[in-house]
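All remarks here apply to the structure that follows.
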Amino acid sequence: MKYASRIYLCLIFSVLYIPIFTLILFSFNVENSTAEFAGFSLRWYIELFNSPETFTALRNTLLLAVLSALLSTVIGTAAAEGIYKMRSRFIKGAITSVTNIPMMNPDIVTGMSMMLFFAAVMGIFKISDYNEIGFAAMLIAHTTFCLPYVILSVLPRINELGDSLSEAALDLGCTPVSAFFRVKLPNIMPGVISGMVMAFTLSLDDFVISYFVGPTNFQTLPLLIYSMTKKKVTPDMYALSTIIIVSVFILLIISNIRSGKRADENKRKRGAVK
Amino acid sequence: MKKKSLMRSIAAAPHIFWAVLFIVLPLIIVGVYAFTDAEGNFSLANIAALTDYVPIFWLSLELSVIATAVCLVIGYPLAYIIAKSSPRAQKIFIMLLMLPMWTNLLIRTYSIMAILDDGGFLNTLLNTSFHIVGTKGAVIFGMVYDFLPYMVLPIYTCVSKIDKHMWEAASDLGCSPVKTMLKVIFPLSMSGIISGVTMVLVPSISTFYISQKLGGGTFELIGDTIERQFVTGALNVGAAISLVMMVLILISITVMNRFSEGDEGGIIV
Amino acid sequence: MSKLIELKGISKSYDGEKVLEGINLYIRDKEFITLLGPSGCGKTTTLRIIGGFETADEGQLYFDGAEISDVPAYKRPINTVFQKYALFPHLNVYENIAFPLRLKKTPEAEIRERVTEMLKMVALSGFENKSVSTLSGGQQQRVAIARALISHPRVLLLDEPLGALDLKLRKDMQNELKSIQKAIGITFIYVTHDQEEALSMSDTIVVMADGEIQQIGTPTDIYNEPKNAFVADFIGESNIIDGVMLEDRKVRLEGHTFDCLDEGFGRGEPVDVVIRPEDVDVVKPEAGMLTGQVTAVTFKGVHYEIIVDIGGFKWMIQSTDYVAPEATIGLYIEPDAIHVMKKSKYSGKFGDYSSFSDELDQLSDADAAEEF
């Protein structure tokens, strides 16, 4: 039984990783091919670093991801607190339902609706060049589809925390606002941070919605990749992906080691008391 | 009293404003486009034209339902094995599962295509000439490959929360392992299965990139259709298809949630 | 002593269900007052209204003569020790206690001095840098008290503060709380469902049930002269028997006329008569004022608990002498052991031990079960 499940895990994970390893392999290809490996070289990495287009796209992607993660975290955390305090079950339900629409809806529909919306905005404000509002449109679109994930990550924390700590803070002289910042926020921080990280990665990774909303003067990496895969892909895209995978891998390992250490420390602390 | 209860929830105000402006309003505009012609006059022509797309819709449904089923069949045992391993191993497996998701979907899909293509890595390596890209199987494989983690993660979360004593209780009460699985563990992980199914089905049914690359341009899915309307500027028809797809998906999600969680599901749409 | 807090006609309902109805109560300065009652009686809601966490639907709340009904919690000179302590998990012991002072931007040196002093008072010196989650229940309790007292409130509210502690610790903390209250000389408003706790700590007890105040008085008053069947039953053990007042100092029950000390009832008025189990003497059948058959005897350590059937009504009697089950015994009751009460809506609901057993009492009486 144990044996069988091990084989099963190996099988699934190798299928999952074959395309990734192929991609890494071909990023070192000396030839311009993603099918035949002719020899090892760093040619595509050098080409990548010499491509201003890629760098602009990378910068744009990061800028957009950071801004939309921040914006959605601030609005979403406040919203979670507000939703928690709502008394009427009906209004609560209505608001969560509307909020969850971008999460439930296929990206293609969200993208389409956003595009039509911004077209209407252009019509109303008599803007002729979409590039003028392009960045704002991207930021709004990304923040909108990140919001439900932030709320989904923060709201359970607030529910779990309950009112007792806030009441204690009020009792000891905090105004409601300072009670939130001094007591509630520090205690829901893990939820806020994981919401922000999720928003950041979603924005980083989004292709479909950006495809519908993106202006010509603000290209993100996924959009760049798409336009390149329309033709035959050169291995420099593979090189870029390899860099992303390796850095994410390192980040994950670091965070895992750190959280492991923290867990050990906590165990020791608790052990010492007993 | 009324005013006070409004003040309590003032923190939600920016979000409500945002949601109305950027979620509800755009969807209303989609509705408006769906029921008007290119000049902006009321028209049912777009809705009527939908009948042309029924075969495409059935094909999309067929492929995505098969892909979802395959994901469930492969993913459930995987989630279960992961949930049953040591905490350290669990962490590593989950990390391994999420890592490919950090590679852009386009790149992953492209990489599969580069491997499976007629003149691709696989055929070059084995010196064969399998024709894979361009078949339904390739598209389904792409969907399964790209969205499998979405199936595994919620099921894993659900299964790992099931009390260990549940097994003991079940066997104590005379359940065989198989029966325990079917009568206790499976029903308890239903909410994970439901959310896994939605998370795979929705992007599969609406994808256009996977079918473009792995379908080799030989067939069109509903996502491709919407994308084509968008590129060619036939926005009204595109809006009508989007609208219908959205309504169908939201209805089926609501029904599934109701089915699995009783009254609570209503709140989560 | 002056009235420090006064509640006038306070009513409150949740979703159309009344939880408090016309509460009138005043609390004196430096008093230890306990709100006592079964769960759901409205005692915690009353406390939360005083603390400022709930607003009453009707009625006014006065503090030191000024109305504070609409003053928010953070502006009231009243602090609370919460049921589950509500310590801030992200702050250590020192910072938890220093929290109210930091809000007031107190100078660092003064904070250090006052926190140190507080920690000494609650016997937690040396715990400054401990994380609150590593403390035991009793220690958390002390931190919560220190934190609530550090800004010198006029009133301390305590919401079942000992509920989460085990029995031994609870007894110790009772004494400690009482001595802290004496030492700092402020008003304590204490909420509990534990009648023993209430009797041993309080200057004044307010017995509540069904959102209404049943009786206000000193512990001895409440025990010796309960106002109605609910209070008699809730505080200690009681036999509550239907009786008729014949004239002043004469009450008839179970077919026998007893001398008593109660006056002021109408002639022939139906009343509830309370007789505490420890006030009944067991005598030979022929010497008894009443006779009955023993149905159950339980050894309780200090005494035997004897259930006696007298004319179909089961009495509980506590006696240091053993009697055999099935035996017929006589009961002798002194006039001062009899307490006569007016009929109330609680008449006939309490004080019969016919279905009595220790376990059954806890199971069937789930609402009031916590009191044991």
Rounded, prolate or oblate for chain B? Axes are the square roots of the Cα gyration tensor eigenvalues, ordered a ≥ b ≥ c, and the cut-off for rounded is a/c under 1.5. oblate
What is the distance in Å between the Cα centres of region B:26-85 and region A:120-166? 24
How large is the helix-only mean residue ellipticity at 222 nm for chain A, computed as the sum of -39500 (n - 2.57) over DSSP H runs with n ≥ 4, divided by its residue count, in deg cm²/dmol to the nearest 500? -27500 deg cm²/dmol
Using the Cβ atoms and a cut-off under 14 Å, what net charge is assigned to the surroundings of B:Thr68, where Lys and Arg are +1 and Asp and Glu are -1? -2
So for region A:1-129, Kirkwood radius off the Cα pairs, Stokes-Einstein at 4 °C and 1.567 mPa s: how many µm² s⁻¹? 62
Could you work out the mean count of beta carbons from other protein chains within 10 Å of each residue's beta carbon in B:111-118? 5
If every alpha-carbon in region C:147-234 counts as one equal scatterer, what log10 I(q)/I(0) does Debye give at q = 0.10, 0.13, 0.24, 0.25 1/Å? -0.28, -0.47, -1.28, -1.33
Isotropically averaged projected area of region C:3-222, using the convex hull of Cα atoms (one quarter of hull area), nm²: 12.1
Taking every other residue with Cβ under 15 Å from the Cβ of B:Ile16 and scoring Lys and Arg +1, Asp and Glu -1, one gets +2
Scan around C:Glu58 for amide H atoms under 5 Å from its own, H built in the peptide plane at 1.01 Å from N, and keep only partners 5 or more places away or cross-chain. C:Ser11
Enumerate the calculated ³J(HN,Hα) couplings along region C:33-44 in order (Karplus 6.51 cos²θ - 1.76 cosθ + 1.60, θ = phi - 60°), each rounded to whole Hz, writing x wherever the residue is Gly or Pro. 10, 10, 8, 10, x, x, 5, x, 8, x, 5, 5
Nearest-ten-degree value, helix C:108-121 long axis tilted from longest Cα axis of chain C: 20
Magnitude of the Cβ-charge dipole of the protein assembly as shown, K/R +1 and D/E -1, about the Cα centre, nearest 20 debye? 3700
Fewest-first sequence of C:Arg76, C:Arg252 by Cβ atoms within 10 Å of each Cβ: C:Arg252, C:Arg76
In the structure shown, do any of C:Lys250/C:Lys342; C:Lys227/C:Lys345; A:Lys92/A:Lys184; C:Lys43/C:Lys349; C:Lys12/C:Lys43 have a Cα-Cα gap over 18 Å, and if so which? A:Lys92/A:Lys184; C:Lys43/C:Lys349
So for region B:158-219, what percent of the C-alpha to C-alpha distances run longer than 18 Å? 55
Rounded to the nearest 10, the angle in degrees between the Cα long axis of helix A:185-205 and the longest principal axis of the Cα atoms of chain A comes to 20
Can you work out ³J(HN,Hα) from phi for every residue in region B:179-189, in order, using Karplus 6.51 cos²θ - 1.76 cosθ + 1.60 and θ = phi - 60°, giving whole Hz and x for Gly and Pro? 5, 4, 4, 6, 8, 10, 5, 4, x, 5, 9
Peptide A:82-93: average number of partner chain Cβ atoms within 10 Å per residue? 4
For B:Ile210, C:Ile111, B:Ile92, what ranking results if the residue with the fewest other Cβ atoms within 10 Å of its Cβ goes first? B:Ile92, C:Ile111, B:Ile210
Let me check the size of region B:1-139 from its C-alpha atoms; what are the radius of gyration and Dmax in Å? 24.5, 79
Round to a whole angstrom and tell me the spacing of the C-alpha centers of region A:202-236 and region A:52-71. 12
Write down the radius of gyration of the protein assembly as shown and its Dmax, each obtained from C-alpha positions, in Å. 36.7, 119
Under 13 Å, Cβ to Cβ, from B:Thr218 - net charge with Lys/Arg +1 and Asp/Glu -1: -1
Classify region B:11-85 as rounded, prolate or oblate from the Cα gyration tensor: take a ≥ b ≥ c as the square roots of its eigenvalues, call it rounded if a/c is under 1.5, otherwise prolate when a/b beats b/c and oblate if not. oblate
Which whole-angstrom value gives the distance between the alpha carbon centres of region B:119-141 and region C:72-109? 68
For chain A, what does the alpha-carbon gyration tensor say about shape, rounded, prolate or oblate, given a ≥ b ≥ c as the root eigenvalues, a/c under 1.5 as rounded, and a/b over b/c as prolate? oblate
For C:Asp29, what residues show an amide H to amide H distance below 5 Å, using hydrogens built from the backbone and excluding near sequence neighbours? C:Ser2, C:Leu4
Please average, across the residues of A:158-171, the number of beta carbons from any other chain that are within 10 Å of each residue's own beta carbon, and give a whole number. 5
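With n ≥ 4 as the cut-off for DSSP H runs, can you work out [θ] at 222 nm for chain B, using -39500 (n - 2.57) per run divided by the number of residues, rounded to the nearest 500?
The helix contribution divided over chain B gives -22000 deg cm²/dmol.
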In which sequence would C:Trp315, B:Trp167, B:Trp58 go, from the one with the fewest C-beta neighbours within 10 Å to the one with the most? B:Trp58, B:Trp167, C:Trp315
Calculated Rg and Dmax of region C:225-371 using C-alpha coordinates, Å: 15.0, 43
Check: region B:53-268 dipole with +1 on Lys, Arg Cβ and -1 on Asp, Glu Cβ, in debye: 460
Need the list of lysines near C:Lys30 for cross-linking: C-alpha distance under 17 angstrom, and skip anything on the same chain fewer than eight residues off. C:Lys3, C:Lys178, C:Lys182
Value of D in µm² per second that Stokes-Einstein yields for region B:154-269, Kirkwood Rh from Cα pairs, at 4 °C (1.567 mPa s): 75
Sorted by chain and number, the residues with a modelled amide H under 5 Å from that of C:Tyr353, at a separation of 5 or more or across chains, are C:Lys314
For region C:167-264, which GluC sites (Glu not before Pro) are both in a DSSP coil and crowded by at most 13 other Cβ atoms within 10 Å? C:Glu263
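Values in this text are rule-based calculations from the coordinates and carry no lab data. Since we're looking at a predicted model, the values are computed, not measured. Counting neighbours? That spans all protein chains shown, and the Cβs are built from the backbone with ideal geometry, glycine included.
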